[in-house]
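First up is the structure itself, then whatever we jot down about it.
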Amino acid sequence: MVPKSFIQPRRIISKMKAPTNLGRLLGNSIDSYGFTHALRIPLPTPTSRPQFERSFQQIKSDPVASDVHPAAFSPPDIQYLDIGALVLQTPQAKEDALGILRDLQLDRNLYEGRSGSHHSPKPMVVSVAGLVHNDVLHDCRRLYAPVHDHSGKLSDFMLSVKEVFLSAGLMVRRKNEDTPRAKLHTRIIGNKRVRTKVPNQSAHIRRKLAGTEATVTTLASWDLRELYDKYRNFSWAADFALERLSIVDIHAGDIWKDGRVIGRGSQEFASVPLPGITYIGEQSALQNVTYNPTPLILI
């Protein structure tokens, strides 16, 4: 439930068309839905970042991962908790999203609950450990690491924030998501840009592609049984405080700083400190701003 004291911005209705099955096979990304931004809690902080870097260096150099394409590993500096995708296609929508973000920072009830306590909130401390999977391990496309919440309030916090953006019409509930749930995991393996060609294409797909140079692809998969057995209880980063809630522009294009292009890809559009965090240090705010997306790799 969202606190009644929260002031909702005006509701914006966005009509979106879901991508076709063919679009998914061609590797179309989330923007096929009209999503422009994402609401996330970045996991890299000055405390966790060195741990993530050591952990990813270890697994990528391990012989059990030798068959996995290096680009299939998520960058250690782009680990995050995903709250939802946003549709901010107009200046007004962006302004509304910024207004919500500013109000969320002032409304401690989202984290403190309904007890009426006026005590200063404590930071949400988490650890990232273990592995989970949704596919069969001998033909696995993605592996995730669970995020363990030591505060016991992170899931409720994420759902409350999500409900605010859903109610404002800036976030769209995805298919098969009648009941929102907090995704307390981060991706370790599964870059959507590392793909393999689809064999035995149907007659329908062949007709659709007739006269084009398009290639039907699917997310690459590997036999991850040995890797999973070795790292199923592995600690990726331990005992660090979550620092900020961010709106990320997932199609930032060229990213400029001091008059020059420093990267291309996603960029933090706006961030606010999470409850219990009074200041986002420059090291934390800048290190997770940009990344270079992987070009399409067919293997």
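Worth a mention:
- The modelled label-to-label distance for the pair Arg174/Asp223, using points 7 Å beyond Cα in the direction of Cβ, is 3.0 nm.
- Set Lys122/Lys192; Lys162/Lys192; Lys122/Lys183; Lys94/Lys122; Lys162/Lys230 screened for pairs whose C-alpha atoms are more than 27 Å apart: Lys122/Lys192; Lys94/Lys122; Lys162/Lys230
Bear in mind these aren't lab numbers, they're just calculated from the coordinates by the rules spelled out. Computed from a predicted model, the values in this text were never measured in an experiment. Cβ: placed from backbone, ideal geometry, glycine included. Neighbour counts: every protein chain shown.
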